[in-house]
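This report concerns only the one structure given below.
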């Protein structure tokens, strides 16, 4: 089989690996990670030293250890303690915990960037602390956090290739199987890299459009 024919024949299996594996894995992990990150960020801002200390410890562990090690601890390490988790849930747990650690600091910084006068404005019209946070602070912080959170998501899409090491069927896992069968490693891996690149370009374009949309609500 010619190189061009192999490229064409492997293209759709690789795309399907991205559509059925890489993208759903990244979306699920990012969504769960964002919820976790918001909770950790609020704990980090808490005046309670125990809660704030726990958040600091969590962020330090996540940011101070490689994602691959975190993934292996959950999939290969936990069974030694009697807790066996399937590949897909293991990958989602590891990626979500990782996103939670990095995104927590992004969200915390975004919340701190909102002027303190916004809190006072909420209290003035009778809002509680929680209501002020939900209705005034977080919407403004969301606009500030879009660029770094978008970059986190794009990085997650690429990092999802690590899930192939615990037998999750996604884009890179499919590329490994095709490359092993055809022995055309350079061609197949470059093709996989091209598909990752295209996905990231699309996501970056979506990020730019979202930023422009949110900028319309900024007072000038």
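Please treat every number below as a calculation from the coordinates, not as lab data. Note that the structure is a prediction, hence the values are computed from the model and not measured. Don't worry about glycine lacking a Cβ; one is built from the backbone with ideal geometry, like all the others, and counts go over all protein chains shown.
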statement: Descending packing, highest mean Cβ count within 10 Å first, for 17-27, 3-13, 105-115, 62-72 is 17-27, 105-115, 62-72, 3-13
message: With 10 angstrom as the radius, rank 58, 189 by how many other C-beta atoms surround their C-beta, starting from the fewest.
response: 189, 58
- prompt: Mean residue ellipticity at 222 nm from the helices of the chain, using -39,500 (n - 2.57) per DSSP H segment of n ≥ 4 over the full residue count, to the nearest 500 deg cm²/dmol?
  reply: -25000 deg cm²/dmol
query: Listing 191, 184, 120 from the residue with the fewest other Cβ atoms within 10 Å to the one with the most, what is the order?
result: 120, 184, 191
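Which of 81, 36 comes first, and how do the rest follow, when ranked by fewest Cβ neighbours within 10 Å? The partial results should precede the final answer.
On the way: 81 7, 36 19.
The fewest-first ordering by Cβ neighbours comes to 81, 36.
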